[in-house]
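Structure first, commentary second.
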Amino acid sequence: MSIPGFLNESSTDFSIPQHRDDMERALRTVALQLGRAYRLLIDGKALTADKTFQSINPSRKSQVIGEFPCADVEHVDQAVRAAERAFAAWSRVPAAERARILFESASEMRKRKNEFSAWLVNEVGKTWREADADTNEAIDFLEFYAREGLRYDGTHAVTPVAGERNGIVYIPLGVCAVIPPWNFPLAILVGMTSAAIVSGNTVVLKPSSDAPAIANRFAELMFSIGLPPGVLNLVTGAGSDIGDALVSHPRVRLLSFTGSKAVGLRINELAARPQPAQRWIKRVIAEMGGKDAIIVDRDADIDLAASGVVASAFGYQGQKCSACSRAVVDRAIYAEFVEKLQSLTDALRVGPADDYESDLGPVINERAMSTILDYIEIGRREGRLVSGGGDALPDSGYFIRPALIADVDSDARIAQEEIFGPVLAIMKARDFDQALTLANDTEYGLTGAVYTSDADKIERAKREFHVGNLYINRKCTGALVGAHPFGGFNMSGTCSKAGGRDYLLLYTQAKSIAEKIID
Ligand code: NAP
């Protein structure tokens, strides 16, 4: 079979009436499926649990997306054992067959793109455009990792030695616990799960408790394509209740986590402690938070920079690890730039995510809303509130007006702590030197951008701006699979570079084989 080169999935142009109608229809179809009761999926069997929890539409608090079982520690053990049994066969399935599952899943998801996006609109409050981008990225991961799985297959050449036939092969590790966040509940979940599966590992997937319906949709799709039972096991329930049992299970070989710094560090620490009967050092892939900065230099195209900062800060309500939460602006253009930010921000429409007209939807839940509003209050004391600030919006959901806080010092809490909401701290820099110092003044190191027309400053930023994903004269969100391998430095994580050519190495171990040639 000849496989075309990888290309990113195109976004849907909702300004075309037909595309809008299609999405409206998908939203109506999904609305009819809300409120269902779900099951755990372990070894191909659908199981109930004693307790359940609900997933809620953040645009309409009264709307239940679904009712999900709270797995207990016993279920976690069953799921890990099932994955371990399935590993014996799955690890020997030819790479071409494993890749086929991913290619066919991608093709099915492409056919049902609006349906998947509609689930994202409902369950996590993504606007149409953001939901479409999430689904496209999920398709990209499937397509990209399928090709990568084929590339790593077989024996790879090493330095030749006379009298020996030598090579290296990449073999799977075993049971992989996949623990994704809610903010890219399709793309990140699909990326981590499909990377593990195509490499020959088996998976216990514990989705975020804010996005379990989307995880179920993906599991259903994979099984409909022919993924054998036990290769993917889905356990829902609070990370605080079952996370430790999953992470410390002696038969789990690797952990693929994306989420907050606090949980990532806990997983890393717990996974490092060997349990009785454990035979390996667990591998931990942990992608965590960010406090991402955009530097706007005095030589920048100010309009381009202002729209880039607003898109990076407030896309998906600022709930992206890559979101710009600090704008570091040269004092020569500071006042003008803040004014431009203000007029762009004030023009943003906040409303229900299923309304095509909304630029921003709700934040994910009540706890996030209260944390973000607290940070805005802190920001009022630490700087000057220029825009937004949580004024009244329909209280049917968790809506917050995007907030701009100017004149913030680098040691302020809102300049150091990840807020994960629509709040931008604006800082004034004396010159480019100080701008770089301020941008690097964080424990994180995920994304960053620089707007300038000065070639020397661009070169300096390439050398001195210490982030995993650096963007020049463009926004710092919207990494594309294949084009912008993604992962951060320092407390932003293990720099796994999701969507890059090294990623599958993390899900495999290399076996070097030297064979003496006997005539
Ligand atoms: P989170 O609270 O850390 O949760 C992430 C996942 O971990 C969820 O599935 C959660 O389950 C689970 N979990 C919670 N406690 C656990 C424990 N003790 N053991 C094992 N698992 C546990 O993060 P989030 O709020 O979902 O996501 C937002 C965070 O993710 C932000 O910090 C953001 O920057 C980061 N993020 C990073 C990247 C990146 O690539 N660097 C990408 C996206 C998001 P429950 O939902 O049941 O608690």
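Checking Thr452 against (1) crowded, with 22+ Cβ neighbours inside 10 Å; (2) in contact with a helix residue (DSSP H, G or I) (Cβ under 6 Å, 6 or more places away or on another chain); (3) more than 23 Å from Gln317 (Cα to Cα), only one condition comes out false. Which one?
Of (1) crowded, with 22+ Cβ neighbours inside 10 Å; (2) in contact with a helix residue (DSSP H, G or I) (Cβ under 6 Å, 6 or more places away or on another chain); (3) more than 23 Å from Gln317 (Cα to Cα), only one is false for Thr452: (2).
Can you pull out the residues in region 376-419 that are modelled with pLDDT under 95 and either on the phi > 0 side of the Ramachandran plot or outside the structural domain of Asn440 (by TED's automatic domain parsing) (or both)?
Gly388, Gly389, Gly390
How do the strands (runs of 3 or more DSSP E) wholly within region 404-487 filter down when requiring 1 or more residues that are charged (D, E, K, R): which remain?
Qualifying strands (runs of 3 or more DSSP E): 423-429.
What number of residues within region 45-58 satisfy the criterion of being surrounded by fewer than 18 Cβ atoms within 10 Å (Cβ to Cβ) and in contact (Cβ under 8 Å) with a residue 24 or more places away in the chain?
Residues meeting the conditions: 3.
So, Ser312, is that one within 16 Å of the ligand (Cβ to nearest atom), closer than 30 Å to Phe432 by Cα, surrounded by 18 or more Cβ atoms within 10 Å (Cβ to Cβ) and hydroxyl-bearing (Ser, Thr, Tyr) or not? Spell out how you get there, then give the answer.
Numbers: within 16 Å of the ligand (Cβ to nearest atom): yes; closer than 30 Å to Phe432 by Cα: yes; surrounded by 18 or more Cβ atoms within 10 Å (Cβ to Cβ): yes; hydroxyl-bearing (Ser, Thr, Tyr): yes.
Judged against the criteria, Ser312 is a match.
Can you tell me which residue within region 237-259, out of those that are of a type outside the set (A, V, I, L, M, F, W, C), touching a residue at least 40 places away in the same chain (Cβ under 8 Å) and more than 6 Å from the ligand (Cβ to nearest atom), is surrounded by the fewest Cβ atoms within 10 Å (Cβ to Cβ)? Steps first, please.
Of all residues in region 237-259, those of a type outside the set (A, V, I, L, M, F, W, C) come to 237, 239-241, 243-244, 248-251, 253, 256, 258-259.
Imposing the further condition that a residue be touching a residue at least 40 places away in the same chain (Cβ under 8 Å) reduces the set to 237, 239, 241, 243, 249, 251, 253, 256, 258-259.
From what's left, more than 6 Å from the ligand (Cβ to nearest atom): 237, 241, 249, 251, 253, 256.
Working: Gly237: 27, Asp241: 15, His249: 22, Arg251: 18, Arg253: 25, Ser256: 27.
Here the answer is Asp241.
So that you can scan it fast, the table gives a plain yes or no per residue for (1) touching a residue at least 40 places away in the same chain (Cβ under 8 Å); (2) among the acidic types (Asp, Glu):
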| site | (1), (2) |
| --- | --- |
| Asn8 | yes, no |
| Ser15 | no, no |
| Asp21 | no, yes |
| Arg39 | no, no |
| Arg60 | yes, no |
| Val64 | no, no |
| Glu67 | no, yes |
| Glu84 | yes, yes |
| Ile101 | yes, no |
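Tell me, please, whether a residue that is of a type outside the set (Gly, Ala, Ser), surrounded by 14 or more Cβ atoms within 10 Å (Cβ to Cβ) and within 26 Å of the chain's Cα centre (by Cα) can be found in region 10-18.
yes
Among the residues of region 200-244, count how many are out of contact with any Cys (no Cβ under 9 Å at 6 or more places or on another chain) and in a helix (DSSP H, G or I).
So the count comes out to 18.
Select, from Ile188, Ile197, the only residue that is away from the ligand (no atom under 13 Å from the Cβ), among the aliphatic types (A, V, I, L, M), crowded, with 21+ Cβ neighbours inside 10 Å and outside any strand (DSSP E or B).
Step by step, each of Ile188, Ile197 is checked, and only Ile197 is away from the ligand (no atom under 13 Å from the Cβ), among the aliphatic types (A, V, I, L, M), crowded, with 21+ Cβ neighbours inside 10 Å and outside any strand (DSSP E or B).
Taking Asp134, is it assigned to a loop (DSSP other than H, G, I, E, B) and out of contact with any strand residue (DSSP E or B) (no Cβ under 7 Å at 6 or more places or on another chain)?
no
The values are calculated or read from the model by the stated rules, or taken from the named source; none is laboratory data. Note that the coordinates shown come from a computational prediction; the quantities given were computed from them, not determined experimentally. Cβ: placed from backbone, ideal geometry, glycine included. Neighbour counts: every protein chain shown.
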